1. In degrees, nearest 10, range 0 to 90: what is the angle between the Cα axis of helix 52-62 and the longest Cα principal axis of the chain?
2. What relative contact order, as a whole-number percentage, does the chain give when Cα pairs under 8 Å and 6 or more residues apart are counted?
3. Please tell me the relative contact order of the stretch 111-214 in percent, rounded to the nearest whole number, where contacts are Cα pairs under 8 Å and at least six residues apart.
4. When the helix-only estimate is applied to the chain (DSSP H runs of n ≥ 4, each -39,500 (n - 2.57), divided by the residue count), what is the mean residue ellipticity at 222 nm, nearest 500 deg cm²/dmol?
5. Mind giving me the FRET efficiency for residue 231 and residue 42? R0 is 35 Å, r the Cβ-Cβ distance, nearest 0.05 is fine.
6. Does the stretch 146-233 classify as rounded, prolate or oblate by the C-alpha gyration tensor (a ≥ b ≥ c root eigenvalues; a/c under 1.5 gives rounded; else a/b over b/c gives prolate, otherwise oblate)?
7. Over the stretch 131-190, how many percent of alpha carbon pairs lie in each 5 Å bin up to the one with the longest distance?
8. Residue 25 to residue 155: extension gain in nm, 0.36 nm per residue of separation minus the Cα-Cα distance?
């Protein structure tokens, strides 16, 4: 089994871990998200793989990237969007001493020597909100013909034409496209680019390292701290 298929097979476990982290029951997840309870139970039992639309729904519910939901720690792209968006808000509102306190707290979680060289972010390009438009535009931008793309994905040229009109590839092929286009599955699918640039470099690096290397439980400590700081503004 390829690493892509292993990750896809683990999506159900990832949903279960996210529920445990957020303290959300399967009943609440399905009630809040509109997903059928029996279907969601089958996701977690790894009997079926969620569709892309369902994965987008779940990622938005837990405020994480699609890449994290699908690939978990195997992704180099940003993971916890709640953490990262709070950090961006903090950078624009919080005082330097408040950011320094958050930075120090983040750095206390990991030893010296950690660096951000393995962290990937999306390139700054214009994208649309649908996979079909993004796929077509990126294929043409990279001068890849439909025939060549069919060879890359090991499908027929007719299937490529369908992808560009209304259908969506399987998740293993979505991951492959992410690699070919050097763009996150999240951006390719939703048009929402995973780009988190910080003017305060020390603060930004501490946040990005936390997001990339540390477990969600440690993220929650920083999230609570930033929420408390922001509450005073």
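Each value in this text was obtained by applying a stated rule to the coordinates, not by laboratory testing. Here the structure is a predicted model, which means the values were calculated and not measured. Here the Cβ is made from the backbone with ideal geometry for all residues, glycine too, and neighbour counts use every protein chain on show.
1. Here the helix axis deviates by roughly 10 degrees.
2. Computed over the chain, the figure is 26 percent.
3. Relative CO of the stretch 111-214 lands at 40 percent.
4. -18500 deg cm²/dmol
5. 0.30
6. Note, shape of the stretch 146-233 comes out prolate.
7. P(r) over the stretch 131-190, rounded to whole percents: 4, 21, 36, 32, 8, 0.
8. So the extension gain works out to 42.9 nm.
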